[in-house]
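So the structure is just underneath, and the comments pick up after that.
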Ligand code: A3P
């Protein structure tokens, strides 16, 4: 089935999730061709859950010995997080078959696909997966604003009202949605096989970034040493990747490095927890809360 999604793009339903047709093609391509290596790191998120932040954090953690965190040669100061950590969907877009064998390890990739759609080679390897969850109310609000930044001259992206967008989002019809079903897949896997999937929450990153950076480093098999802790390496990474810092870098303010129609700056809006309060009506809040509660019920996954 085809429907228009929360950002008004035409989406196709495939095995319970909604994709743009070209994204579905590239998912098929990377499922078929991507050969995982044991040292690979896969960062999985719903769009607008904080993907950009997670990419920068994981890159900074894993490259902390090569790039001085605050040093001028740090790649994150001159390159967007989406270029530093590309999406599998983009690498395999338009049937490209890239040669990734010479990419230095650890190779880090982003993806928005649900766990069940990851390539078999990923599941069969010792790859580390990190999933980032965010309160769906904030995901929706972030998506709504993001959608409004997309060019208005493309007929398939004609603006819609927030009510229409919200209704579709609640039905789960959004890019790679429903986001709660995606989260549940990774949540279950993180319980069954914690050494494979680390499940993070945007709200917890905001609350105590140092603690979550330690969890990330441990999961990736590169825990911070006492020496590093004393040298405040964790604080440096947190500062480097903070919304305040990244959003003010020239590279993240200008240009269109990820999608030809989307400015880099669109990935940095407010970076807050609970901004839904500024946008959703009480009845929208009630509807989405009820919806999410039904979905997460009995799973053990809770909203922060
Ligand atoms: P808001 O629209 O609520 O501000 P994604 O990267 O998955 O597209 O998600 C974008 C959301 O993450 C936006 O949320 C954006 O502002 C926020 N974000 C981007 N970089 C961030 C950072 N370094 N720290 C916290 N939030 C960040």
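Here are the numbers for the structure shown:
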{"read-out": "Whole-number D in µm² s⁻¹ for segment 217-296, Kirkwood Cα-pair radius fed into Stokes-Einstein, 20 °C, 1.002 mPa s", "value": "130"}
{"read-out": "Rg/Rh ratio calculated on Cα atoms of segment 42-83 (Kirkwood radius)", "value": "1.00"}
{"read-out": "Ordering of 104-116, 159-171 by packing [mean C-beta count within 10 Å, highest first]", "value": "104-116, 159-171"}
{"read-out": "Rounded Å value of the spacing that divides the Cα centres of segment 178-232 and segment 25-65", "value": "14"}
{"read-out": "MRE, 222 nm, helices only [DSSP H, n ≥ 4, -39500 (n - 2.57), over the chain, to nearest 500]", "value": "-12000 deg cm²/dmol"}
{"read-out": "Theoretical gain in end-to-end length, residue 290 to residue 163 [0.36 nm per residue, Cα-Cα removed]", "value": "44.0 nm"}
{"read-out": "Where only alpha carbons of segment 76-190 are counted, the Rg and the Dmax (Å)", "value": "16.7, 47"}
{"read-out": "Segment 1-116 - Rg (one decimal) and Dmax (whole number), Cα, Å", "value": "15.7, 50"}
{"read-out": "Potential lengthening between residue 97 and residue 79 on full extension [0.36 nm per residue; Cα-Cα distance subtracted]", "value": "4.1 nm"}
{"read-out": "All-pairs alpha carbon distance profile, the chain, 10 Å steps from 0, percent", "value": "6, 27, 37, 24, 5, 0"}
{"read-out": "Highest-fluctuation residue, 20, 269, 189 considered, GNM on the chain with Cα pairs under 10 Å", "value": "269"}
{"read-out": "Gyration tensor over alpha-carbon atoms, segment 1-65, equivalent ellipsoid semi-axes in Å", "value": "28, 17, 8"}
{"read-out": "Beta bridge orientation in the chain: antiparallel %, DSSP, nearest 5", "value": "30"}
{"read-out": "Rg/Rh (Cα only; Kirkwood hydrodynamic radius) as it applies to segment 160-261", "value": "1.07"}
{"read-out": "Extension gain, residue 272 back to residue 214 (0.36 nm per residue minus Cα-Cα distance, nm)", "value": "18.7 nm"}
{"read-out": "Average projection area in nm² (convex hull over Cα atoms of segment 48-142, one quarter of hull surface)", "value": "7.8"}
{"read-out": "Residue 33 versus residue 261: modelled label distance in nm, points set 7 Å from Cα along the beta carbon direction", "value": "2.4"}
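Just so you know, all these numbers are worked out from the coordinates, no wet-lab data involved. Model, not experiment: these values are computed from the prediction. Every residue, glycine as well, gets a Cβ built from its backbone with ideal geometry; the counts of neighbours run over all protein chains shown.
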